[in-house]
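See below for the structure under consideration.
The values are calculated or read from the model by the stated rules, or taken from the named source; none is laboratory data. Just so it is clear, the model here is predicted, and its values are computed rather than measured. Cβ sites come from the backbone with ideal geometry, for glycine too, and all protein chains shown count toward neighbours. Just so you know, the surface numbers come from the protein's heavy atoms only, side chains and all, with ligands and any DNA or RNA stripped out. Shrake-Rupley method; radii C 1.70, N 1.55, O 1.52, S 1.80 Å.
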Amino acid sequence: MKQDTFERQRKPVWDAFEAYIEGVGKLPRSATSFEIDRFLTQYKSLNRDLALAQSRGYSQGLIEHLNDLVNRGHQLVHVESTNWWEAIWRFMVSGFPSKIREAKVYVTIATFAFLIPPAVLLVLIVLVDPSYLYSVVAPGNLESIERMYDPSAIKTGRERASDSDFSMFGFYIFNNIGIALRTFAWGILFGVGSILILCFNGVYIGAITYHLTNIGYSSTFYTFVIAHGAFELTALVFSGAAGLMVGYSLLVPGRQTRMGALKESMKKAIQIMIGVIVMLALAAFIEAFWSSSRNIEDWVKYAVGAVLWVSVAYYFIFVGRRAT
């Protein structure tokens, strides 16, 4: 269908939608279910028109006009939610897992980038030469890590037992969020930066895991990481997936300009990063107040950790499907 014909057929609908959103300002709380359903039907129809215009390569002016209407419609739906905490809560209980499922290709690539390099390192250490371990972690750093997970330590996972749980909570938040943001931001290098950071972190964590297991500190190490790792490691992979999404939009912009493709991918990637930050804050809380405690039986930590890993998997596989 030619663009002129398409515009002539659909313009009355667009004009009516624009007039409505300019007139009401927001969906009134007194609106009937019929009025809400009609508005949402028009909004979905507008989204389809935008998708068609993009796929058929219509003019940039038309695409920008339709995109503007879609954004204003989206704001109209959500303008009543002025409470940031409420908005974040709504996003986390439905929107975030849906966004992760939409980005499943990037998540899969990020997962392999995180898991395959440490597996290769393990093969090299075990079958070729154990000294490969020291090419990843310096001997001095290994000694520091050993002190952190020494079974005789008062607190697990800390060099300084005098640090309070609250101060460590703040440290974990800033440290982990910093790593996640760097993993995401370096995706601007056509995704290569995010892959490299994921590989490095995977290799580093794999090397430490092997070393602590090899010297007999497996009990203190695994009971420490199993609970908060469900959120922390998963969030790191998601931050890499968000970076890959941005990088791919620059590498393959499709019918859009690279800047236009970058803007579109950034909108989606930032939504993922909001969820990542929430996950890392939760991981930091567990790490500071639960994982480091030596007053909890090992079997309890393993049980809680298993429940958290299963819960995280269930959340991202099943939650929010109705919303999607």
Response to the item:
Among residues of region 172-194 being touching a residue at least 60 places away in the same chain (Cβ under 8 Å) and open to solvent by 60 Å² or more (accessible area, probe 1.4 Å), the residue farthest from Ser239 (Cα to Cα) is Phe190
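Table: residues versus (1) assigned to a helix (DSSP H, G or I); (2) closer than 27 Å to Pro97 by Cα; (3) under 15 Å from the mean Cα position of the chain (by Cα).
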residue	(1), (2), (3)
Asn175	yes, yes, no
Ala180	yes, yes, yes
Phe184	yes, yes, yes
Thr234	yes, yes, yes
Pro253	no, yes, no
Fill in: The listed residue being over 28 Å from Ile272 (Cβ atoms) and open to solvent by less than 70 Å² (accessible area, probe 1.4 Å), out of Val126, Val136
Val136
Worksheet item: Residues Gly247, Gly254, Gly243, Gly305: which one is of a type in the set (Gly, Ala, Ser) and farther than 30 Å from Tyr58 by Cα?
Response: Gly305
Worksheet item: Looking at this structure, is Ser265 of a type in the set (Gly, Ala, Ser) and out of contact with any Gly (no Cβ under 9 Å at 6 or more places or on another chain)?
Response: no
Worksheet, complete the sentence: Filtering region 263-296 for residues that are of a type outside the set (Gly, Ala, Ser) and open to solvent by less than 30 Å² (accessible area, probe 1.4 Å) leaves a count of 7
Worksheet item: (1) assigned to a helix (DSSP H, G or I); (2) in contact (Cβ under 8 Å) with a residue 60 or more places away in the chain; (3) charged (D, E, K, R); (4) more than 26 Å from Ser45 (Cα to Cα): which one isn't true of Arg158, the others all being true?
Response: (1)
